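As structure tokens, the structure follows; a few thoughts come after it.
What follows is calculated from the coordinates using simple rules that are stated; it is not laboratory data. Source: prediction; values computed, not measured. Neighbour counts run over all protein chains shown; Cβ positions are idealised from the backbone, glycine included.
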Amino acid sequence: MVAKPSAARLPAAKPSATKPSVNIPLLLNTVLAGLNTLSARDVARLGVTMPSARALIVLLHASQMRCSSLSRLLGLEATALSHLLRALARKHLIVRNRVENDNRAVEVRLSEKGRRTAQACETATRTYERTLLTGLDATELRVLQRILTKMNDNIAPLRRRPRAAAGASGAPDRPAARGGRRGGATRTRVKATG
């Protein structure tokens, strides 16, 4: 059973002059996890996952979009997006086409069925968004949007960094082989005698 996110259980950092008294990333994660849990339940009834619903909603507001732009907007790597789009295409929710003058680039748009599903997904997620934002006035919403945009911009360069291929030892991190131990060592059994 998954524990419900609760602000009461958030560990607070010790306040200081240079550090906020709340763990902001943890708070953001808790809020988004709660929102995703509620929204996922509703979009599952429509036959899609939350990542698929997000992609459909983004495409709902664009006539068509290059996969590279969609990948950036959704914060998904190209391979993850490719798998997601393949699943959406199998359900006849999207149409993918190669860009005319660039065979490497692919554009994606919603099918008519995809448009209806995207509208239903957006309606479902907007309900929880309204609840989430209850009590915030227009000025607070603008400030919140500005702060979240700035935070996203701050972290964007980190997303573009290449992944480290090696651990602290300089050797690539690999899980132990099945049935064996790291480094190729094997177990030997010794029969007890007598």
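Once phi is turned into ³J(HN,Hα) by the Karplus curve 6.51 cos²θ - 1.76 cosθ + 1.60 with θ = phi - 60°, what whole-Hz value does each residue of segment 93-106 show in order, with x for glycine and proline?
9, 9, 10, 10, 9, 6, 6, 3, 9, 8, 5, 7, 8, 10
Using 0.36 nm per residue of separation minus the Cα-Cα distance, give me the extension gain between residue 40 and residue 68 in nm, one decimal.
Once the chain is fully extended between residue 40 and residue 68, it gains 7.6 nm.
I'd like the Karplus ³J(HN,Hα) series for segment 60-66: coefficients 6.51, -1.76, 1.60, θ = phi - 60°, whole numbers in Hz, and an x wherever there's a Gly or Pro.
With coefficients 6.51, -1.76 and 1.60, one gets 4, 9, 9, 5, 7, 8, 5 Hz.
At a Förster distance of 25 Å, what's the computed FRET efficiency of residue 156 paired with residue 86, Cβ-Cβ distance as r, to 0.05?
Given R0 = 25 Å and the Cβ-Cβ separation, E is 0.40.
Of the peptides 48-57, 35-44, 139-148, how do they stack up when ordered by the mean number of other Cβ atoms within 10 Å, highest first?
Averaged packing, sorted descending, gives the order 48-57, 35-44, 139-148.
List the residues whose amide H sits under 5 Å from the amide H of residue 105, counting only those 5 or more places along or on another chain, with H placed 1.01 Å from N in the peptide plane.
Amide H to amide H, under 5 Å and 5 or more residues apart or across chains, residue 105 pairs with 99.
Among 152-159, 124-131, how do they line up by average Cβ neighbours within 10 Å per residue, starting with the highest?
124-131, 152-159
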